Amino acid sequence: MRSYSLTAAAKINLHLEIIGDRPDGFHELAMVLQSVDLCDRIDLRPLSTDQIRVHCNHPEVPVDQRNLAYKAAALMAAEFPDTFAQYGGVEINIHKQIPVGAGLAGGSTNAAAVLVGLDLMWQLGLTQSELQELGARLGSDVPFCVVGGTMLATGRGEELAPLPDLNQIYVVLAKYRSLSVSTAWAYQTFRQQFGHAYVSNVQELETRRQRVHSGPMVAAIAHRNNTEIGQRLYNDLERIVLPEYPQVQRLREQFQQQGVLGTMMSGSGPTVFALTESQTQAEQVRERVQVAIADPDLELWVAPLTNTSIRIASSRPV
Ligand code: C5P
């Protein structure tokens with residue numbers, strides 16, 4: 001048997017539009033999702049017992065059944081009981097670099113890495129769509145995190161269509177360390193405030209999905225027009241999170257003043273990102289925002305966009 005060390009990339013939302021309610025209680029969404037080369041490392045090691053053990057270097061990440069990476073391993077064990085019985089349990093070591101509770105799919109990408117890694121370790125030979133289907137049972141962002149790159153996502157976020165790869169774009173990410181936003185709270189509050197405008201008619205739902213498909217963000221990506229991509233960033237959840245967290249609003253305004261391609265909150269926040277056309281510019285923006293806000297609680301990162309999500313860093317026989 002082999003042990004695996006994988007890297008798992010963060011995601012940002014270039015477009016997040018809430019269309020309506022779904023019968024399963026979730027929201028019908030139309031999004032453009034993008035992988036960012038800010039990665040956690042996930043080490044998987046076979047155990048001789050039938051346990052699933054999780055360790056993490058970040059004190060706020062639970063290491064029990066609440067951890068999405070744990071849930072991913074438990075799902076694999078339940079789906080493939082004979083293989084689990086044959087190979088035994090797994091030890092999962094998560095080295096966090098992606099901020100937690102940030103709207104960057106950190107937990108989802110860890111879960112995706114466990115699905116991909118156990119498929120390799122247990123030699124299951126699952127297809128990408130089988131891994132995505134398993135991922136959808138764990139969370140709305142997990143199927144995307146299995147594949148990564150640039151994707152149009154509809155439904156709950158699990159129906160994916162690839163878009164052309166983006167490159168030559170850097171991202172500056174900023175998050176207040178002590179601030180995190182509950183995704184469930186953000187969607188629930190959006191429903192309370194804007195639910196009256198939700199689309200429920202099947203035909204209208206399809207029209208709204210199509211509107212994103214043939215809309216300006218997808219066109220800007222197809223033409224690799226970075227200026228247009230920056231200007232077309234959109235996130236419905238800003239309408240809920242920014243008024244509640246004025247410091248996130250101020251952060252966004254700071255980015256705006258730096259002459260970046262564009263700036264937006266990612267997912268349900270509170271991370272704000274800004275796009276730039278070079279690493280040098282991204283580093284300058286990071287420095288200027290750090291100086292302008294001068295709050296030790298504020299953390300900033302610079303990373304390029306990436307076309308992949310889960311990568312094998314190393315593997316060795318055990
Ligand atoms: O799927 P995930 O666990 O990431 O979703 C977290 C929460 O976000 C859900 O419990 C739900 O409240 C909300 N959500 C939603 N519609 C989606 C995705 C998430 O309402 N399409």
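Descriptive notes on the structure:
- Probe 1.4 Å, accessible area per residue of region 161-305, Å²: 50 Å²
- Per residue, the chain reaches -11000 deg cm²/dmol at 222 nm when only DSSP H runs of four or more residues are counted, each adding -39500 (n - 2.57).
- Inter-label distance, nm, simple model (7 Å from Cα along the C-beta direction), Phe26/Glu79: 1.4 nm
- Computed about the Cα centre, the dipole magnitude for the chain is approximately 340 debye when only Lys and Arg (+1) and Asp and Glu (-1) carry charge, each at its Cβ.
- HN-Hα J in Hz across region 150-166 - Karplus 6.51, -1.76, 1.60, θ = phi - 60°, x for Gly and Pro: 10, 9, 8, 10, 10, x, 6, x, 9, 8, 10, 10, x, 10, x, 4, 9
- Net charge of neighbours whose Cβ lies under 12 Å from the Cβ of Leu68, counting Lys and Arg as +1 and Asp and Glu as -1: 0
- Global geometry of region 170-304, whether rounded, prolate or oblate, following the gyration tensor of its Cα atoms and the 1.5 cut on a/c: oblate
- If you take all other residues with their beta carbon under 10 Å from the beta carbon of Ala10, and give Lys and Arg +1 and Asp and Glu -1, the sum is -1.
- Mean Cβ count within 10 Å, highest first, over the residues of peptides 64-74, 98-108, 79-89: 98-108, 64-74, 79-89
- Here the label points at Glu133 and Arg316, each 7 Å from Cα along the C-beta direction, are separated by 3.7 nm in the simple model.
- Full extension of the segment from Val100 to Asp64, taken as 0.36 nm per residue of separation minus the current Cα-Cα distance, would add 11.4 nm.
- Quick note on the chain: its Rg to Rh ratio, both from C-alpha atoms and Rh being the Kirkwood radius, is 0.97.
- What a 1.4 Å probe finds exposed on the chain is 47% carbon and sulfur by accessible area, rounded to a whole percent.
- In plain terms, the bigger the Kirkwood radius, the slower the diffusion; for region 1-155, with that radius from Cα pairs, at 4 °C and 1.567 mPa s, Stokes-Einstein puts D at 82 µm²/s.
- Of the listed residues Trp301, Trp185, the order by accessible area with a 1.4 Å probe, largest first, is Trp185, Trp301.
- Projected onto planes of every orientation and averaged, the convex hull of the alpha-carbon atoms in region 96-175 covers 6.3 nm².
- Whichever lysines have a C-alpha closer than 22 Å to that of Lys175, once near sequence neighbours (fewer than 8 apart) are set aside: Lys11, Lys96
- Extension gain for the segment His196 to Ala294, taken as residue separation times 0.36 nm less the Cα-Cα distance, is 31.2 nm to one decimal.
- Taking a straight line from the alpha carbon of Lys71, these aspartates and glutamates sit under 14 Å away, with near neighbours fewer than eight places off in the same chain left out: Glu79, Glu91.
- Highest-MSF residue in the chain out of Arg53, Arg211, Arg156 [GNM, Cα springs under 10 Å]: Arg211
The values are calculated or read from the model by the stated rules, or taken from the named source; none is laboratory data. For clarity, every value in this text was computed on a predicted model and none was experimentally measured. Using ideal geometry, Cβ is built from the backbone for each residue, glycine included, and neighbour counts are taken over all protein chains shown. To get the accessible areas, we keep the full protein, side chains included, count just its heavy atoms, and leave off ligands, DNA and RNA. Shrake-Rupley method; radii C 1.70, N 1.55, O 1.52, S 1.80 Å.
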